[in-house]
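Okay, so here's the structure we're looking at.
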Amino acid sequence: MFLEGKKIVIMGVANNKSIAWGCAKAMKDQGATLIYTYQNERMEKQLARLAEPEDLLIECDVSSDESLRRAFATIEARVGKIDGLVHAIAYSKKEELGGNISDVSRDGYALAQDVSAYSLLAVAKAAKPLLNKGAGIVTLTYMGSVRAIPNYNVMGIAKAALEASVRYLAVEFGKIGVHVNAISAGAIKTLAVSGVSGYKDLIKESDSRAVDGEGVTIEEVGQTAAFLVGPMASGIAGDVIYVDKGVHLT
């Protein structure tokens with residue numbers, strides 16, 4: 001129970017197949033108190049079915065600085081300081097996740113960067129005054145940041161920017177005793193991945209290249225996230241930890 005008494009913000013749970021939900025479950029198992037954020041009324045209803053009565057649900061649209069300000073002001077008023085944050089948010093127009101990368105639209109590129117990469121910086125800024133010393137921030141990335149994955153396209157570029165953001169944030173937040181890292185998860189059938197053209201082939205290929213021939217699970221990713229937000233990961237800063245059962249090795 002290494003997160004006993006810790007208050008963790010979880011951003012990005014879409015349903016019970018989300019990697020963010022795997023993170024939430026692992027952290028709850030380790031004794032954490034959870035604060036979930038949701039974007040709209042539809043997502044609030046989905047979260048309400050998953051969350052436990054003692055969990056806190058806060059509305060937050062990461063594309064709005066005012067919404068972020070309100071959300072973290074509410075969190076501070078309700079629970080005070082926090083000990084960790086999981087940023088599991090990414091978005092791209094579906095039509096940008098297929099075909100040629102040179103055909104990406106200017107607006108589509110900007111949207112993917114804003115929601116998938118810049119939002120980490122905006123969230124970190126809003127959360128900074130609330131973070132206790134020893135807290136951890138974890139975001140989620142994918143191998144498409146360093147490899148040209150078919151159809152991943154603009155999201156791969158956004159994930160590369162996200163990973164660079166992690167390194168810069170790690171330097172800044174390290175000065176206040178907060179460690180910032182990323183998890184590069186393997187291909188898992190989630191709502192986000194289903195938007196990529198040919199995602200079934202992507203998952204099949206990924207599973208076949210895993211060292212044990214089986215795809216990584218949201219629970220396995222969640223266990224690593226729980227470690228990274230906790231005090232035992234205080235010596236890890238600005239890193240991308242691969243949790244993909246070795247798919248990135250070959």
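The values are calculated or read from the model by the stated rules, or taken from the named source; none is laboratory data. From a predicted model like this one, the values you see are computed outputs, not experimental measurements. Cβ placement follows ideal geometry from the backbone for every residue including glycine, while neighbour counts extend to all protein chains displayed. All accessible areas refer to the heavy atoms of the entire protein, side chains included, with ligands and DNA or RNA removed. Shrake-Rupley method; radii C 1.70, N 1.55, O 1.52, S 1.80 Å.
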Could you compute the FRET efficiency for residue 2 and residue 164, with r as their C-beta to C-beta distance and R0 at 22 Å, rounded to 0.05?
-> 0.15
Net +/- balance of residues flanking residue 180 in space, Cβ distance below 13 Å, scoring K and R +1, D and E -1 = +1
Quantify how much of the Cα-Cα distance distribution of the range 154-250 extends past 22 Å, in percent.
-> 36 percent
In Å, the Kirkwood hydrodynamic radius of the range 39-143 over pairs of distinct alpha carbons?
-> 15.5 Å
Size of electric dipole in the chain: Cβ of Lys, Arg +1 and of Asp, Glu -1, about Cα centre, debye, nearest 20 = 280 debye
In whole Hz, the Karplus estimates of ³J(HN,Hα) for the range 241-247 (6.51, -1.76, 1.60; θ = phi - 60°; x where Gly or Pro) are 9, 7, 10, 9, 6, x, 4
If the label point is 7 Å along Cα→Cβ of residue 197, which residues in the range 152-181 have backbone nitrogen under 20 Å from it?
-> 152-159
The chain - accessible surface per residue (Å², probe 1.4 Å) | 47 Å²
So what are the three principal axis dimensions of the range 163-211 from its Cα atoms, in whole Å, longest to shortest?
-> 43, 26, 15
Geometric extent, Cα atoms of the chain - Rg, Dmax (angstrom) | 17.0, 49
Taking the Cα centre of the range 32-152 as origin, work out the dipole magnitude from +1 charges on Lys and Arg Cβ and -1 charges on Asp and Glu Cβ, in debye rounded to 20.
-> 280 debye
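Can you give the charge dipole size of the range 1-86 about its Cα centre, rounded to the nearest 20 debye, using +1 on the beta carbon of Lys and Arg and -1 on the beta carbon of Asp and Glu?
That gives a dipole near 160 debye.
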Would you mind checking the radius of gyration and Dmax of the range 1-95 based on alpha-carbon positions, in Å?
-> 13.0, 44
